[in-house]
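Chemist: Below you will find the structure I want to go over with you.
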Amino acid sequence: MKTKMLITQALDERDMLVKKIADKIQKASFVDTIKHNEENVMNGKISREEFCRKAEASYQQITDLTERFGQIDAAIVASNAATWIETSYGRFTVAGAISLRNRLRGLGAYAGEAEFENNLYQKMQEEYQIRVQTMEMRNKQLQDTAEEMRLSILGRENRTREEKPLGVVEAYVKENTTELADPLQVQKKLELLWEKKTTLLKELDTQIKVSNATTFIEV
(Lines give C-alpha, C1' and ligand atoms only; values in the text may rest on other atoms or scores of the structure.)
Protein backbone atom coordinates (compact mmCIF):
# COMPACT_ATOMS: atom_id res chain seq x y z
CA MET A 1 0.00 0.00 0.00
CA LYS A 2 1.34 3.40 -0.96
CA THR A 3 1.94 6.10 1.62
CA LYS A 4 1.57 9.84 1.12
CA MET A 5 4.33 12.16 2.30
CA LEU A 6 5.72 15.63 1.74
CA ILE A 7 8.86 16.04 -0.38
CA THR A 8 10.69 17.25 2.74
CA GLN A 9 9.80 14.00 4.51
CA ALA A 10 10.84 11.99 1.47
CA LEU A 11 14.19 13.79 1.31
CA ASP A 12 14.82 13.10 5.00
CA GLU A 13 13.97 9.42 4.57
CA ARG A 14 16.13 9.17 1.48
CA ASP A 15 19.10 10.64 3.35
CA MET A 16 18.46 8.26 6.24
CA LEU A 17 18.32 5.29 3.88
CA VAL A 18 21.69 6.16 2.37
CA LYS A 19 23.32 5.98 5.80
CA LYS A 20 21.32 2.94 6.90
CA ILE A 21 22.09 0.90 3.78
CA ALA A 22 25.78 1.77 3.96
CA ASP A 23 25.88 0.79 7.63
CA LYS A 24 24.15 -2.55 7.03
CA ILE A 25 26.45 -3.39 4.12
CA GLN A 26 29.47 -2.58 6.28
CA LYS A 27 28.30 -4.71 9.21
CA ALA A 28 26.92 -7.64 7.24
CA SER A 29 28.81 -10.86 6.58
CA PHE A 30 27.87 -13.06 3.65
CA VAL A 31 30.71 -15.56 3.39
CA ASP A 32 32.76 -17.31 6.07
CA THR A 33 34.81 -20.46 6.49
CA ILE A 34 34.22 -23.53 8.65
CA LYS A 35 36.07 -26.76 9.39
CA HIS A 36 34.40 -30.11 8.83
CA ASN A 37 34.97 -31.07 12.44
CA GLU A 38 33.60 -27.80 13.95
CA GLU A 39 30.10 -26.41 14.35
CA ASN A 40 30.89 -22.66 14.26
CA VAL A 41 32.11 -20.56 11.37
CA MET A 42 35.60 -19.21 11.98
CA ASN A 43 35.05 -15.45 11.73
CA GLY A 44 31.52 -15.12 13.06
CA LYS A 45 31.93 -17.62 15.89
CA ILE A 46 28.34 -18.80 15.39
CA SER A 47 26.84 -22.00 14.02
CA ARG A 48 26.60 -22.57 10.30
CA GLU A 49 22.79 -22.46 10.52
CA GLU A 50 22.81 -19.16 12.44
CA PHE A 51 25.36 -17.66 10.06
CA CYS A 52 23.28 -18.65 7.02
CA ARG A 53 20.15 -17.20 8.58
CA LYS A 54 21.88 -13.90 9.37
CA ALA A 55 23.48 -13.66 5.94
CA GLU A 56 20.16 -14.21 4.19
CA ALA A 57 18.39 -11.75 6.50
CA SER A 58 21.06 -9.07 5.97
CA TYR A 59 20.93 -9.49 2.22
CA GLN A 60 17.14 -9.24 2.21
CA GLN A 61 17.15 -6.15 4.43
CA ILE A 62 19.68 -4.41 2.21
CA THR A 63 17.78 -5.21 -0.99
CA ASP A 64 14.46 -4.13 0.59
CA LEU A 65 15.95 -0.83 1.78
CA THR A 66 17.58 -0.30 -1.62
CA GLU A 67 14.23 -0.84 -3.31
CA ARG A 68 12.61 1.61 -0.90
CA PHE A 69 15.33 4.16 -1.71
CA GLY A 70 14.71 3.71 -5.42
CA GLN A 71 10.95 4.19 -5.02
CA ILE A 72 11.39 7.39 -3.01
CA ASP A 73 14.06 8.74 -5.33
CA ALA A 74 11.94 8.05 -8.43
CA ALA A 75 8.92 9.72 -6.86
CA ILE A 76 10.95 12.80 -5.96
CA VAL A 77 12.43 13.02 -9.46
CA ALA A 78 8.99 12.67 -11.07
CA SER A 79 7.50 15.31 -8.78
CA ASN A 80 10.37 17.73 -9.37
CA ALA A 81 9.92 17.38 -13.12
CA ALA A 82 6.20 18.15 -12.90
CA THR A 83 6.13 20.89 -10.24
CA TRP A 84 6.69 24.51 -11.27
CA ILE A 85 8.03 27.50 -9.32
CA GLU A 86 8.11 31.21 -10.16
CA THR A 87 11.04 33.62 -9.86
CA SER A 88 11.56 37.20 -10.99
CA TYR A 89 13.79 35.78 -13.74
CA GLY A 90 11.39 33.20 -15.08
CA ARG A 91 9.40 30.02 -14.43
CA PHE A 92 11.16 26.73 -13.79
CA THR A 93 10.31 23.17 -12.87
CA VAL A 94 11.75 22.23 -9.49
CA ALA A 95 14.13 19.88 -11.30
CA GLY A 96 15.26 22.71 -13.55
CA ALA A 97 15.56 25.07 -10.59
CA ILE A 98 17.75 22.61 -8.68
CA SER A 99 19.95 22.08 -11.74
CA LEU A 100 20.28 25.84 -12.28
CA ARG A 101 21.05 26.46 -8.61
CA ASN A 102 23.78 23.83 -8.66
CA ARG A 103 25.26 25.26 -11.84
CA LEU A 104 25.31 28.80 -10.43
CA ARG A 105 27.19 27.44 -7.42
CA GLY A 106 29.71 25.55 -9.51
CA LEU A 107 28.36 22.13 -8.55
CA GLY A 108 27.37 19.17 -10.69
CA ALA A 109 29.07 17.23 -13.46
CA TYR A 110 30.88 20.23 -15.00
CA ALA A 111 31.77 21.91 -11.69
CA GLY A 112 33.17 25.42 -12.16
CA GLU A 113 33.40 25.06 -15.95
CA ALA A 114 29.63 25.54 -16.22
CA GLU A 115 29.52 28.49 -13.80
CA PHE A 116 29.21 30.73 -16.85
CA GLU A 117 27.85 33.85 -15.16
CA ASN A 118 30.56 33.91 -12.51
CA ASN A 119 33.30 33.16 -15.05
CA LEU A 120 32.02 35.96 -17.27
CA TYR A 121 31.90 38.30 -14.28
CA GLN A 122 35.47 37.48 -13.29
CA LYS A 123 36.77 37.88 -16.85
CA MET A 124 35.08 41.24 -17.35
CA GLN A 125 36.13 42.56 -13.95
CA GLU A 126 39.77 41.50 -14.29
CA GLU A 127 40.04 42.86 -17.84
CA TYR A 128 38.38 46.15 -16.85
CA GLN A 129 40.79 46.67 -13.95
CA ILE A 130 43.83 45.92 -16.13
CA ARG A 131 42.68 48.28 -18.90
CA VAL A 132 41.95 51.09 -16.44
CA GLN A 133 45.39 50.71 -14.90
CA THR A 134 46.97 50.73 -18.37
CA MET A 135 45.01 53.84 -19.36
CA GLU A 136 45.95 55.70 -16.20
CA MET A 137 49.64 54.75 -16.55
CA ARG A 138 49.82 55.86 -20.19
CA ASN A 139 48.03 59.13 -19.52
CA LYS A 140 50.33 59.82 -16.58
CA GLN A 141 53.34 59.27 -18.84
CA LEU A 142 51.73 61.55 -21.45
CA GLN A 143 51.22 64.33 -18.92
CA ASP A 144 54.83 64.02 -17.77
CA THR A 145 56.01 64.31 -21.38
CA ALA A 146 53.70 67.27 -22.00
CA GLU A 147 55.02 69.05 -18.93
CA GLU A 148 58.58 68.60 -20.18
CA MET A 149 57.52 70.02 -23.55
CA ARG A 150 55.90 73.05 -21.90
CA LEU A 151 58.97 73.79 -19.83
CA SER A 152 61.15 73.46 -22.90
CA ILE A 153 58.96 75.83 -24.92
CA LEU A 154 58.63 78.42 -22.16
CA GLY A 155 62.39 78.37 -21.73
CA ARG A 156 63.05 79.41 -25.31
CA GLU A 157 63.62 83.03 -26.28
CA ASN A 158 62.33 85.14 -29.14
CA ARG A 159 58.93 83.43 -29.33
CA THR A 160 56.11 85.63 -30.57
CA ARG A 161 52.55 85.36 -29.26
CA GLU A 162 51.23 84.71 -32.73
CA GLU A 163 53.02 81.41 -32.90
CA LYS A 164 51.09 80.09 -29.86
CA PRO A 165 53.73 77.46 -29.12
CA LEU A 166 51.85 75.92 -26.19
CA GLY A 167 48.99 75.01 -28.52
CA VAL A 168 51.23 72.35 -30.03
CA VAL A 169 51.51 70.69 -26.63
CA GLU A 170 47.74 70.68 -26.11
CA ALA A 171 47.22 69.14 -29.54
CA TYR A 172 49.83 66.52 -28.78
CA VAL A 173 48.11 65.63 -25.49
CA LYS A 174 44.70 65.43 -27.15
CA GLU A 175 45.90 63.17 -29.93
CA ASN A 176 47.81 60.80 -27.64
CA THR A 177 45.41 60.52 -24.72
CA THR A 178 44.41 56.92 -23.99
CA GLU A 179 40.77 56.13 -23.22
CA LEU A 180 38.72 52.98 -22.62
CA ALA A 181 37.04 51.21 -25.50
CA ASP A 182 34.04 50.09 -23.45
CA PRO A 183 31.03 49.41 -25.72
CA LEU A 184 29.24 47.28 -23.12
CA GLN A 185 29.70 49.72 -20.25
CA VAL A 186 31.32 46.92 -18.27
CA GLN A 187 30.72 48.41 -14.83
CA LYS A 188 26.97 48.41 -15.38
CA LYS A 189 27.07 44.87 -16.79
CA LEU A 190 29.00 43.71 -13.71
CA GLU A 191 26.34 45.19 -11.43
CA LEU A 192 23.57 43.49 -13.41
CA LEU A 193 25.35 40.12 -13.45
CA TRP A 194 25.96 40.22 -9.70
CA GLU A 195 22.43 41.33 -8.90
CA LYS A 196 20.87 38.66 -11.10
CA LYS A 197 22.98 35.84 -9.68
CA THR A 198 22.48 36.75 -6.00
CA THR A 199 18.76 37.46 -6.43
CA LEU A 200 18.11 34.33 -8.47
CA LEU A 201 19.96 32.09 -6.01
CA LYS A 202 17.95 33.47 -3.09
CA GLU A 203 14.67 33.03 -4.95
CA LEU A 204 15.54 29.51 -6.11
CA ASP A 205 16.48 28.48 -2.56
CA THR A 206 13.26 29.92 -1.15
CA GLN A 207 10.93 28.56 -3.82
CA ILE A 208 12.48 25.09 -3.75
CA LYS A 209 12.08 24.94 0.04
CA VAL A 210 8.47 26.13 -0.18
CA SER A 211 7.69 23.61 -2.90
CA ASN A 212 9.29 20.76 -0.94
CA ALA A 213 7.30 21.70 2.16
CA THR A 214 3.95 21.82 0.34
CA THR A 215 4.17 19.14 -2.36
CA PHE A 216 3.03 15.58 -1.63
CA ILE A 217 4.17 12.35 -3.29
CA GLU A 218 2.99 8.77 -2.95
CA VAL A 219 5.47 5.96 -2.39
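The values are calculated or read from the model by the stated rules, or taken from the named source; none is laboratory data. Quick caveat, the model's predicted, so the values are computed rather than measured. In this analysis, Cβ positions are derived from the backbone assuming ideal geometry, glycine residues included, and neighbour counts consider all displayed protein chains. Heads up: the accessible areas ignore ligands, DNA and RNA and are worked out on the full protein's heavy atoms, side chains in. Shrake-Rupley method; radii C 1.70, N 1.55, O 1.52, S 1.80 Å.
Chemist: Calculated FRET efficiency, residue 98 and residue 1, Cβ-Cβ r, R0 30 Å, to nearest 0.05?
Modeler: 0.50
Chemist: For the chain, what relative contact order do you get, as a whole percent, if you take Cα pairs closer than 8 Å and at least 6 residues apart?
Modeler: Relative contact order comes out at 32 percent.
Chemist: Please compute the per residue accessible area over the stretch 99-219 with all protein chains in place, 1.4 Å probe, rounded to a whole number of Å².
Modeler: Spelled out: the 1.4 Å probe surface of the stretch 99-219, per residue, equals 75 Å².
Chemist: Please build a GNM for the chain, connecting alpha carbons under 10 Å apart, and tell me which residue among 102, 43, 119 fluctuates the most.
Modeler: Result: 43 has the largest fluctuation of those listed.
Chemist: Let me ask something additional. Top mean-square fluctuation among 76, 25, 34, Gaussian network model of the chain, C-alpha springs under 10 Å?
Modeler: In the Gaussian network model the winner is 34.
Chemist: Relative to the Cα centre, what is the charge dipole magnitude of the chain, using +1 at the beta carbon of each Lys and Arg, -1 at the beta carbon of each Asp and Glu, and rounding to the nearest 20 debye?
Modeler: So the magnitude is around 360 debye.
Chemist: If you don't mind, another one. Rounded to the nearest 10 degrees, what's the angle between the helix 116-154 long axis and the longest principal axis of the chain, both from Cα atoms, 0 to 90?
Modeler: 20
Chemist: In the stretch 169-219, carbon and sulfur make up what percent of the accessible area (probe 1.4 Å)?
Modeler: 54
Chemist: Using only the alpha-carbon atoms, how far is helix 166-176 inclined from the longest principal axis of the chain? Give it as 0 to 90 degrees, nearest 10.
Modeler: Between the helix axis and the principal axis of the chain, the angle is about 20 degrees.
Chemist: Give or take rounding to whole Å, what are the principal axis extents of the alpha carbon atoms in the stretch 67-175, in descending order?
Modeler: That gives 101, 24, 12 Å along the principal axes, largest extent first.
Chemist: Not counting ligands, DNA or RNA, and with a 1.4 Å probe, what is residue 131's accessible surface area in Å² rounded to the nearest 10?
Modeler: 120
Chemist: How much length, in nm to one decimal, is gained on full extension between residue 60 and residue 114, taken as 0.36 nm per residue of separation minus their Cα-Cα distance?
Modeler: Separation in residues times 0.36 nm, less the Cα-Cα distance, equals 15.3 nm.
Chemist: Then there is this: Rounded to the nearest 10 Å², what accessible area does residue 113 show when all protein chains are kept and the probe is 1.4 Å?
Modeler: Its heavy atoms expose roughly 150 Å² to the probe.
Chemist: Match the structure shown to one of the listed values (i) 1, 6, 11, 14, 13, 12, 10, 9, 7, 6, 4, 3, 2, 1, 1, 0, 0, 0; (ii) 1, 7, 13, 18, 18, 17, 13, 8, 3, 1, 0; (iii) 1, 5, 8, 8, 8, 7, 7, 6, 6, 6, 6, 5, 4, 4, 3, 3, 3, 2, 2, 2, 1, 1, 1, 0, 0, 0 of P(r) over Cα pairs in 5 Å bins from 0, in percent, computed from it, and give that label.
Modeler: (iii)
Chemist: Farthest toward the dipole's positive end in the stretch 108-219, which of 133, 121, 110, given Cβ charges of +1 (Lys, Arg) and -1 (Asp, Glu) about the Cα centre?
Modeler: Projecting each Cα onto the dipole axis, the largest value belongs to 133.
Chemist: Using the alpha-carbon atoms, what tilt in degrees (0 to 90, nearest 10) does helix 94-104 show relative to the longest principal axis of the chain?
Modeler: Taking the Cα atoms of the chain, the angle to 94-104 is about 50 degrees.
Chemist: List, in the order given, every pair from 19/54; 123/188; 123/197; 2/54; 24/54 whose Cα-Cα distance in the structure shown is over 18 Å.
Modeler: Among 19/54; 123/188; 123/197; 2/54; 24/54, the Cα-Cα distance tops 18 Å for 19/54; 2/54.
Chemist: For the chain, set up a Gaussian network in which alpha carbons nearer than 10 Å are linked by springs, and say which option among 188, 35, 19 fluctuates the most.
Modeler: Highest fluctuation among the options: 35.
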